[in-house]
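Reviewing the structure listed below.
The values are calculated or read from the model by the stated rules, or taken from the named source; none is laboratory data. All values derive from a computational prediction rather than experimental measurement. Cβ placement follows ideal geometry from the backbone for every residue including glycine, while neighbour counts extend to all protein chains displayed.
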Amino acid sequence: MAKVASRNKDVKKPVSPDSQVEVQSQIVQINILGVQIAVNEAGAEPAECSFEIAVNHRFQFDLNMVSVVLRITMHHDPPMEPLAVVTIECKFFMNILNDIVIREPLLKLPDDITDAINGVSISTSRGVLFGILRGTPLQGIVMPMIDISSKRRMLRDTGPVAA
């Protein structure tokens, strides 16, 4: 069970149900890596928009850091040219990153930890996106909340990167 309180508190996750080891993680940095907004849009109604989220995890083992990079693309329904593309990075410190990462066949974290950091990152990105779109023709569009664990396969994972 995850314990999430505030930015300065730890998210604690057991490594496995039988293990006494806890993963302590904390979001330490939020970066806006890119913003592209369609200038000629006269406005889009929320009912007309869909979102595509591509997720990439980057590992910095020497610093016990995991970056969750989200590329959020907003489309009309049915999809046409993107209304906006925003790339946001959320960096997390994890106290025992080297002990919990699964290295084969590809680098990845256990599903429950992946769900926790993806959930925090998507929720954070929702607020960042809301602020970015303020004052633009897209300002009335809000990214919907999603249940990460049930949508795990729908998030397009672009693969992990070790730094």
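Which one of ASP115, ASP99, ASP111 is of a type in the set (Asp, Glu), out of contact with any helix residue (DSSP H, G or I) (no Cβ under 8 Å at 6 or more places or on another chain) and crowded, with 18+ Cβ neighbours inside 10 Å?
Numbers: ASP99 fails: crowded, with 18+ Cβ neighbours inside 10 Å; ASP111 fails: crowded, with 18+ Cβ neighbours inside 10 Å.
Going through ASP115, ASP99, ASP111 in turn, the sole match is ASP115.
Of the residues making up region 42-80, those that are among the polar types (S, T, N, Q) and either modelled with pLDDT under 80 or part of a loop (DSSP other than H, G, I, E, B) (or both) number 1.
So if I check each of LYS91, LYS108, LYS12, which one is at pLDDT below 90 and under 15 Å from the mean Cα position of the chain (by Cα)?
Details: LYS91 fails: at pLDDT below 90; LYS12 fails: under 15 Å from the mean Cα position of the chain (by Cα).
Matching residue, one of LYS91, LYS108, LYS12: LYS108.
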